[in-house]
Amino acid sequence: MPQAPRAPQGLSRRARYFVEAHGLRVPRRDIRRHQDLWLKHGIPGAEIDRAVAFQELWGGIALPPAPAYEGGPRVLEADVPEGSATDGWRFPAGDCRVSMAHGFMIGPGGEFGIDADQWAPLHASTEGWVEALALAHDAGYWASSITKIKGDAVEQVDLDGFEQVPEVQGLTDTWWRGKDSLIAIYRGEAVGFAAPHCRQAHIYGGLDPWGLGGH
């Protein structure tokens, strides 16, 4: 039976509450039992250890849908690593909620991203992805207005007076905090598919200090 998950260490108070109040934990697979087979197929032991560590920390956690990427992974779940010493190794972070042309992956340095026509790291860690989910959840609830912008217009969004939100550890995707608003800029699919029209920006206006996420 699904249970309330215990939030991993290293998250903000907001993100811990988001995981524990809105997430579920379902039984997770023991991927360590595949170790011998994976080693026979040339997967380095260190990469298997990375996948196992992710599975022990995040495996089986189901979170509310993300506002982009068709909702994000259905359940966080590691699987067989793939790659090479030349290109770097990645492993799946969980199945998509719907049929997608990309998959969610954990990169060589622990980045959380999507593997499309090319690798697009969204956040520097899984924690950054979860922080962004928590921020979007609260901002969407507390904002008096939400404006969505697509394509070339994203590059015209005025970020003067805004500071990048550090806890989301943004890489391809970034979050920006202003006096009474938050801006989320999603470039992952634009990078992953070399498709600039896929850029998005979500502007959450009319936020109080709680909604701004400075916690």
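The values are calculated or read from the model by the stated rules, or taken from the named source; none is laboratory data. From a predicted model like this one, the values you see are computed outputs, not experimental measurements. Here Cβ is always computed from backbone atoms with ideal geometry, including for glycine, and neighbour counts include all displayed protein chains. Only protein heavy atoms, including side chains, enter the accessible area calculation; ligands, DNA and RNA are left aside. Shrake-Rupley method; radii C 1.70, N 1.55, O 1.52, S 1.80 Å.
Between the Cα long axis of helix 45-58 and the first principal axis of the chain there is an angle of about 50°, rounded to the nearest 10. If you model region 1-116 as an ellipsoid using its alpha carbon gyration tensor, with each semi-axis the square root of five times an eigenvalue, the axes come out at 25, 17, 13 Å, biggest first.
Element breakdown for the chain at a 1.4 angstrom probe: carbon and sulfur atoms account for 51% of the accessible area. Rolling a 1.4 angstrom probe over the protein heavy atoms with all chains in place gives the chain an accessible area of 49 Å² per residue. Across all directions, the average projected area of the convex hull around the alpha carbons of the chain is 12.1 nm².
The share of C-alpha pairs in region 49-173 whose separation exceeds 21 Å stands at 43 percent. The packing ranking, built from the mean of other Cβ atoms within 10 Å per residue, places the peptides 20-31, 65-76 in the order 65-76, 20-31, highest first.
What is the list of residues in region 66-106 whose amide nitrogen lies under 13 Å from a point 7 angstrom out from the Cα of ALA194, following Cα to Cβ? In region 66-106, the label zone of ALA194 (backbone N under 13 Å from the point 7 Å along Cα→Cβ) covers no residue. The alpha carbons of region 165-211 occupy a box of 36, 20, 11 Å along the principal axes, longest dimension given first. Taking amide H as placed 1.01 Å from N in the peptide plane, TRP89 has its amide H under 5 Å from the amide H of SER84, each at least 5 places away in sequence or on another chain.
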